[in-house]
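Structure first, commentary second.
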Amino acid sequence: MTDARIEIDLESFRHNVRTLSTLVAPARTMLAVKANAYGHGMVPLARAALESGADSLAVLEVPAACELRRNGITSQLFAWLHGPHTDFAEAIDHDVDLGVSALWQLAAITAATHAKPARVHLKIDTGLHRNGARPEDWPGLVSAAVAAQRAGSLTIEGIWSHLADASPEEDAAALARFRRAVDVATSLGCTAPLLHLAASSAGIREPDARLGLVRFGIAAYGISPFDDQTATELGLRQVMAMRAPVVEVETGVARVGVGSGDGIQTAAIGHAHVAIGGSRYPILGIEIDSLTVDVANSAVSVGDEVTIFGPGDRGEATAEHWAVWAGTVGDEIVARASERLPRVYLDASPVTVR
Ligand SMILES: *Cc1c(COP(=O)(O)O)cnc(C)c1O
């Protein structure tokens, strides 16, 4: 009997990264491997991304970027979520590009520089209101960064923002605000080489928003950022599958060895089904460590392999289906998959990482 596990298909991931980076070229592709690569495992996915068309990586915080460096990743790395205890000196030592949205961050970064200048990307808030300098604070931030660049303590590598992906109209308005902020920065002597704004959604559907670089996340993991188009329709393949064995069968009910404690969303009950041998069976109940499935009148036995979700090519539900059933987004389905489940990387030679 095989154990409950998470399978990560690295070839599917490479296919997605190639597809997306080709789509947006000549814009560059930065791959978001934040949140442990959306639950897929940061280091193996970072390596696979760089092998297949991405030329830089994004994480949330400096420690994750430094972990990538310790694992031998030499590409451009970008981290933008900083707190009062962020170790900027370590970030600068490791050549981590830093998103900067406030004067306090700029001050802490310049105070931390010694041997070499910090690499910063100034962030303007274009409407999401999730950090980023407000328009009224933007000229002050830019002027301080330009002065620090002249003093040799940093280089301004880019100007960036993040779209809310609310509607095409709102994204277009945000893009216009972004362009105005870039003009303001230029007038203040900032000649930033790289402009970036788009994540998966705008990167795919809004060519005007691709600018110098697209920061792809969820689409690269084979989950559509859209409600009206599946990953398969976009030519992308879901990378993660969750599989577990039948551990018990009693009067038409099979018990399967994964549950809500492994990241299965109880809100999906009433809609959700699993696949066993290519056929679908409705889920009856979800407990912390197991779930029960209605297998009445079928030849399901202990040890049979159950697919909770996967790429969808063998009758199983996808993470997109689970997101609809649970009233959430596909990111939540894969990123919540428990760290307790071993990740099995499918590649030329499969490797298990506990
Ligand atoms: C998560 C994130 C991305 C990737 O977003 P997706 O919608 O998953 O493609 C890009 N940029 C920033 C700043 C992010 O936080």
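Here are some notes:
- Along its principal axes, segment 10-222 has C-alpha extents of 46, 42, 27 angstrom, given from the largest down.
- Within the chain, antiparallel bridges make up roughly 45 percent of the DSSP beta bridges whose residues both belong there.
- Considering only the Cα atoms of segment 124-262, their convex hull presents on average a projected area of 12.7 nm².
- Here segment 60-114 has an Rg and Dmax of 10.5, 32 Å, counting Cα atoms alone.
- Helical contribution to [θ] at 222 nm, DSSP H n ≥ 4, -39,500 (n - 2.57), averaged over the chain, rounded to 500: -9000 deg cm²/dmol
- Gain in span if fully extended, Glu339 to Lys116, counting 0.36 nm per residue against the direct Cα distance: 76.5 nm
- Relative contact order, percent, the chain [alpha-carbon distance under 8 Å, six or more residues apart]: 19 percent
- Paramagnetic reach from His85 in segment 31-63 [backbone N under 14 Å; point 7 Å along Cα→Cβ]: 62-63
- Chain lengthening between Arg280 and Asp3 when straightened (0.36 nm per residue, less Cα-Cα): 97.7 nm
- Proximal charge balance of Ile156 [Cβ under 11 Å; K/R count +1, D/E count -1]: 0
- Gain in span if fully extended, Gln229 to Asp289, counting 0.36 nm per residue against the direct Cα distance: 18.3 nm
- Cα→Cβ-extended label distance, 7 Å offset, between Ala176 and Asp93, nm: 4.8 nm
- Separation of the Thr74 and Thr22 label points, Cα + 7 Å toward Cβ, nm: 2.8 nm
- Positive dipole terminus of the chain, leading residue within Pro139, Thr328, Gln149 (C-beta point charges): Gln149
- Principal-axis analysis of the Cα atoms of the chain puts helix 42-51 at an angle of about 70° to the longest axis.
- Residue of Asp228, Asp208, Asp93 that the Gaussian network model of the chain assigns the largest fluctuation, springs spanning Cα pairs under 10 Å: Asp228
- Using the Cβ-Cβ distance between Glu11 and Thr191 with R0 set to 30 Å, the FRET efficiency from 1/(1 + (r/R0)^6) comes to roughly 0.15.
- Along principal axes, Cα extents of segment 240-353, largest first, whole Å: 38, 34, 26
- Cα centroid separation, segment 130-166 to segment 172-196 (Å): 10 Å
Every number in this text was worked out from the coordinates using simple rules, so none of it is lab data. Predicted, not measured: the structure shown is a model, and the values here were computed from it. We place every Cβ from the backbone using ideal geometry, glycine too, and count neighbours over all the protein chains shown.
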